[in-house]
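Notes follow once the structure below has been shown.
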Amino acid sequence: MSRIVLLAALIYLIVLAGVGTLNGTMVALALPLVLYLLAGLWRGPEEMHLSAERTISAERVAPGDSVFVHLTITNHGGALEQVLLHDPLPAFLSVVEGASSRLVNLPARGSISWSYTLQGKRGSHYFENIQAIAEDRLGLMVKRAALPTRGQLLILPSISRVRHIPIQPRQTRVYSGVIPAHQGGTGIEFFGLREYQVGDSPHHINWRVSARQDDVIYSNEYEQERVADVGIVLDGRRKVNEFGGRRSIFEDSVLASVAVASSLLAEGNRVGLFIYGKRNRWTSPGYGKYQRERIMQDLALAETGESQNFSSLIIPRRLFPPNSQIILISPLSGGDVSLLAQLRARGYQLLVISPDPVSFEARGLGDSPSVKLATRIARLQREVLLRELRHTGVQVVNWDVGRPFEQAVRSALSRPTAFLHAIQRGQGKR
Amino acid sequence: MTRNLVYASILACTAALTYGFAANDFVPISITVALLGIAWIVLFMHGLHRFSSLAFSIFIIISLASLWADVPPLLALAGVIFSLLAWDLTRFFQRLQNTSSPQDARKTERAHFARLALVIGLSLAGYFAATRIHVTLTFGAAALLALLGIWGISALVYRLRSHE
């Protein structure tokens, strides 16, 4: 019930009771309520004519960076005794200094300016209209207005740098880069020998081998290094990323995606990104800083979604032909092995970077004996899952998110993969 | 400050009416009033501010009824004024929570208290003037005056609401 109506009802009640009992003292009890009502009418808010201007110090920032928001509200109408000016903040942004709402007196033709400082989580945040609620001093008359003003703040993912990610796709592009192309030519790494051809540099002649032959001179051949097509797939399925207590490992997956994309783009590769989450989104492949910016913007918007499995994960052949490199960033679940095996069977070279959900979840559960036992069982299951993947020829980086990403990548990829070890062991036995 | 004033107002209106009824040997009613006052305080403490209108209405009706129980009119007036204060300050307290600026809150508090003091001062002055001036009216004249008053209040309410 409105406060005015309640007051009026009580006044009627008192007056009628007083008149009915012919009791003047009783009628006089209505006086405080009547005066209170009159005070509401006196200098109540008039029609609001306000305009607002919002200035945001930056449009895109890194998480943890402070953003200054400056607001100016101008009153083009009559005086407003008490007006609440509220700048509704998007979710996941919080005020660290100052105030996003003010309760002020705005004189006629006057204005007020103030600033506050924000910080927030990764994402694209849209600012809405500023809410103005004008009231008389006693709060009996209320007038509301939405002051049109817009703003957007993009908080990019955190950046973790990785110097080099050693990938070995079966197919490369024609441009020179740093990925071994399995073809002889100009390069740094020794690839093989071939007969000397006119035009070969004398520095490339392998004198030791040529000396053992009668009429033939051999030249060293080096492995060509080129750029490659790389598709990064970020797994944003809620069931593998989120755990009890609203803890999520997804931010670590995003961080890994940024690091991988930045490193590969810096080496000249053609990189695309597919986010498999709340909305499935492709960032079509491209080169250079512009592509990095596109990927960063798409990663800023990445959110986890309800998909249960990778049923709709289709790698477009037009963008990524078979034999190109796919990097899946996912905590993984038991049912993923078959799909990844299918991708391998289609000819894709697959690298899985898997933030370890077991150690991540165990950290938040304490160290009781039952938790330790459960962790051990979960770790064994994961080990089996990763082993199955390696058996299908997938390179796997098991990343304990408590360690720096670069350290995990370096230690996992700087040595030959498990299946290469197995091949070498097999050759040794023969 | 506003929070403390809400507690003080509820306590004051409860104490005035409890004392008034107890002094006239209406002990069960005075205990009921005391319990209602405690309930109001507990509801406010738990942030259930929407019940303040109900509590305010109940205390106004009790103040009105106290006159039939021969409670001194000044205690009934205290019941009305302090319950009005408690109801108003509860709403004001909610409004203050919408602003995160302490300076604004202090300024607004000062202005609000000044307006309330004006209303209370005028109410007391009006009440004492009304109880001092004795005019003998017939029932018809009193009823006409009451109708006039009701029409005036209705016009006022209509105007206030049409401005919203």
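Observations, loosely collected:
- Test: residue in the stretch B:145-159 that is open to solvent by 90 Å² or more (accessible area, probe 1.4 Å), at the interface with chain A (Cβ under 8 Å from one of its Cβ atoms), within 30 Å of A:A134 (Cα to Cα) and at pLDDT below 75: yes
- Candidates A:S219, A:S253: the one that is within 19 Å of A:L350 (Cα to Cα) and of a type in the set (S, T, N, Q) is A:S253.
- Any hit, the stretch A:21-35, residues being buried (at least 22 other Cβ atoms within 10 Å of the Cβ) and farther than 30 Å from B:A141 by Cβ: no
One line per residue, one yes/no per condition, for (1) open to solvent by less than 40 Å² (accessible area, probe 1.4 Å); (2) of a type outside the set (A, V, I, L, M):
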| position | (1), (2) |
| --- | --- |
| A:R170 | no, yes |
| A:V174 | no, no |
| A:I179 | yes, no |
| A:L193 | no, no |
| A:I205 | yes, no |
| A:D215 | no, yes |
| A:V227 | yes, no |
| A:A266 | no, no |
| A:I275 | yes, no |
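- As a summary of the residue check, B:T136 satisfies the conditions (1) open to solvent by 40 Å² or more (accessible area, probe 1.4 Å); (2) assigned to a helix (DSSP H, G or I); (3) more than 9 Å from chain A (Cβ to nearest Cβ); (4) farther than 16 Å from A:G139 by Cα except for the one numbered (2).
- Counting only residues that are more than 14 Å from chain B (Cβ to nearest Cβ), within 30 Å of A:P107 (Cβ to Cβ) and not in a strand (DSSP E or B), the stretch A:120-139 holds 2 of them.
- Out of A:G268, A:G272, sole residue that is part of a loop (DSSP other than H, G, I, E, B), out of contact with any His (no Cβ under 8 Å at 6 or more places or on another chain) and not β-branched (V, I, T): A:G268
- Of the residues making up the stretch B:68-106, those that are open to solvent by 60 Å² or more (accessible area, probe 1.4 Å) and free of Cβ contacts under 8 Å to residues at least 12 places away in the same chain are B:W68, B:L74, B:Q97, B:N98, B:S100, B:P102, B:Q103, B:R106.
- Index of the failed condition, B:L122 passing every other in (1) closer than 30 Å to B:S9 by Cα; (2) open to solvent by less than 60 Å² (accessible area, probe 1.4 Å); (3) without any contact (Cβ under 8 Å) to a residue 24 or more places away in the chain: (2)
- Identity of the residue in the stretch A:43-69, surrounded by 14 or more Cβ atoms within 10 Å (Cβ to Cβ) and within 13 Å of another protein chain (Cβ to nearest Cβ), that ends up farthest from A:S160 (Cα to Cα): A:R43
- Residues located in the stretch A:1-42, provided they are among the aromatic types (F, W, Y) and either more than 7 Å from chain B (Cβ to nearest Cβ) or in contact (Cβ under 8 Å) with a residue 40 or more places away in the chain (or both): A:Y36, A:W42
- When the test is whether a residue is in contact with a Gly (Cβ under 8 Å, 6 or more places away or on another chain) and within 18 Å of A:L13 (Cα to Cα), B:A76 passes it.
- Odd one out for A:D200 among (1) farther than 24 Å from A:V397 by Cα; (2) modelled with pLDDT of 85 or more; (3) in a loop (DSSP other than H, G, I, E, B): (2)
The values are calculated or read from the model by the stated rules, or taken from the named source; none is laboratory data. Bear in mind that the values here come from a model prediction, so they are computed numbers and not experimental data. Virtual Cβ from ideal backbone geometry, glycine too; neighbours counted across all protein chains shown. Side chains included, ligands, DNA and RNA excluded: accessible areas come from the protein's heavy atoms. Shrake-Rupley method; radii C 1.70, N 1.55, O 1.52, S 1.80 Å.
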